[in-house]
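Just so it is clear, none of the values below were taken in a lab; they were calculated from the coordinates. Since this is a predicted model, take the numbers as computed values, not measurements. Using ideal geometry, Cβ is built from the backbone for each residue, glycine included, and neighbour counts are taken over all protein chains shown.
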């Protein structure tokens with residue numbers, strides 16, 4: 001083996017692992033160091049790279065040895081090479097990050113040269129050893145996570161409604177008292193896929209059309225409508241003058257993000273116009289987004305009734321959910337979906353009641369509940385834990401990561 005005659009540094013890998021539980025709160029995995037240097041200090045799991053492994057393999061091995069957590073897929077944060085970053089010798093580290101969810105947070109335990117392994121809330125971190133504060137700042141920039149306390153699970157307002165209503169879309173049940181919204185066969189549908197795609201496009205400044213196409217093509221068997229399905233695979237997609245309720249079920253991110261009424265209208269139109277450019281399709285997205293925006297501003301239900309239901313859908317002002325049930329049937333138009341969802345929210349006592357009222361009218365259950373769910377969560381700021389756990393079990397990791405990033409991006413104070 002060739003021997004290099006000049007001094008050269010040692011290489012380490014550091015593991016920045018974020019964990020998100022079903023409350024939506026982001027945590028950071030740290031170990032208490034058992035050996036010098038920095039004995040007793042908190043640091044990222046990590047260690048020296050063996051001669052026969054890559055830096056990424058080193059990260060996986062060290063994480064497993066020190067915490068018991070197994071991760072194979074990493075995102076590189078960067079290389080950190082300050083000359084005096086480690087008092088032992090000249091050490092260059094390659095830092096990686098990963099995000100895990102729910103049950104994965106359980107069972108970590110300090111091993112090897114780690115006394116303890118603990119999940120800390122991002123808002124309550126101890127001081128960190130070495131240059132790990134600098135590494136963390138770059139990891140937060142890359143992931144979009146935040147140390148501040150803020151309202152979490154914003155996008156799950158719609159997604160939980162979608163999942164709860166999924167089994168009733170084509171098998172309506174108008175008996176509120178017998179509805180089971182946590183059925184084993186329930187799952188997310190196109191409503192959730194589009195909601196997260198739209199949120200990602202708005203948050204990351206991506207092209208709405210391309211983001212929807214990419215996201216939905218990669219999760220295709222979710223019940224998309226015929227025209228939307230064809231649009232997904234068009235090389236040069238154009239809007240097709242739709243007034244379907246698909247524009248309203250995917251737009252909640254616009255209401256959460258907007259800082260003014262004018263911006264909310266602009267963002268809502270942006271979420272809809274690439275497919276649903278019919279005036280009623282645009283109106284459905286605008287009305288839904290503005291309801292969420294007004295509720296974020298602290299407006300009450302009377303304000304939403306007057307400025308959303310009465311303004312956009314005045315012909316529905318005198319209806320009630322109980323009065324609608326007998327004669328209402330499946331309808332995929334914005335005109336006959338959005339006002340029903342608004343009524344379900346206005347008449348609700350809490351988030352779950354809103355979802356059940358939406359489903360119990362016997363229409364496009366998952367979409368009605370998704371539209372109403374965003375409003376209900378912004379108003380009540382609470383989703384029952386069992387419904388959140390259902391969502392975290394059903395939704396794929398890529399959606400949950402967007403959910404956590406979006407919460408930090410919007411940063412609605414608690």
Cα gyration tensor shape for segment 24-89, rounded if a/c is under 1.5, else prolate or oblate: rounded
Pairwise FRET efficiency - residue 65 versus residue 307, Cβ, R0 = 56 Å, nearest 0.05: 0.45
For segment 262-414, fraction of C-alpha pairs farther apart than 28 Å, in %: 18
Residues 368, 154, 388, 125, sorted so that the one with the fewest Cβ neighbours within 10 Å comes first: 125, 388, 154, 368
Centroid-to-centroid separation of segment 1-47 and segment 222-261 [C-alpha atoms, Å]: 43
Ordering of 347-354, 32-39 by packing [mean C-beta count within 10 Å, highest first]: 347-354, 32-39
Estimated FRET transfer efficiency when R0 is 35 angstrom, pair residue 51-residue 214 (beta carbons, to 0.05): 0.30
Residues in segment 263-279 that a label on residue 207 would reach, taking backbone N under 16 Å of a point 7 Å out along Cα→Cβ: 271, 273-275
Inter-part distance where segment 296-365 and segment 371-401 are each reduced to a Cα centre, Å: 19
GNM top mover of 187, 113, 177 - the chain, alpha-carbon springs below 10 Å: 177
Acute angle (nearest 10 degrees) that the helix 338-347 long axis makes with the longest principal axis of the chain, alpha-carbon atoms: 80
Virtual spin-label span in nm between residue 83 and residue 411, 7 Å along Cα→Cβ: 3.6
Helix-only CD estimate at 222 nm, as mean residue ellipticity for the chain, using -39500 (n - 2.57) per DSSP H run (n ≥ 4): -12500 deg cm²/dmol
Ranking of 6, 392 by count of other Cβ atoms within 10 Å, fewest first: 6, 392
Antiparallel content of DSSP bridges confined to the chain, in %, to 5: 65
Contour excess over end-to-end distance, with Cα ends at residue 121 and residue 330 and 0.36 nm allotted per residue: 70.8 nm
Within a Gaussian network of the chain (alpha carbon springs, distance under 10 Å), most fluctuating of 102, 164, 194: 102
Estimated FRET transfer efficiency when R0 is 45 angstrom, pair residue 182-residue 318 (beta carbons, to 0.05): 0.85
Cα gyration tensor, segment 10-143 - rounded (a/c under 1.5), prolate or oblate: rounded
Residue among 335, 213, 297 with the largest mean-square fluctuation in a Gaussian network model of the chain, springs linking Cα atoms under 10 Å: 297
